[in-house]
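K.L.:
Have a look at this one before I ask anything.
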């Protein structure tokens, strides 16, 4: 199982947990696993079947937008970080 680290705003959708373990061989499968355990989580992270533009996801500190997106392979020793985008001025 991969380790998934959640930012504070996303923790409320997963019982307040900062980290959890999730099964899946791709990022899409991991998000689906979490959504089954915590219904509604997928709606916060995905929009129209793609990563929400206001969410950043990293697998082992690599931005999945520069990898294979939701099809990025995930292994049992991998760490996934899911963070809302930060902007300001």
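The values are calculated or read from the model by the stated rules, or taken from the named source; none is laboratory data. Small disclaimer: the values here were computed from a predicted structure and weren't measured. Here the Cβ is made from the backbone with ideal geometry for all residues, glycine too, and neighbour counts use every protein chain on show.
K.L.:
Within the range 25-52, how many residues turn out to be over 12 Å from residue 82 (Cβ atoms) and in contact with a strand residue (DSSP E or B) (Cβ under 7 Å, 6 or more places away or on another chain)?
P.N.:
Here the count works out to 3.
This table checks each residue for (1) in contact (Cβ under 8 Å) with a residue 12 or more places away in the chain; (2) within 11 Å of the chain's Cα centre (by Cα).
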residue	(1), (2)
46	yes, yes
52	no, yes
60	yes, no
64	yes, yes
82	yes, yes
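K.L.:
Looking at (1) at pLDDT 95 or above; (2) farther than 23 Å from residue 86 by Cα, can you tell me which one residue 1 breaks?
P.N.:
(1)
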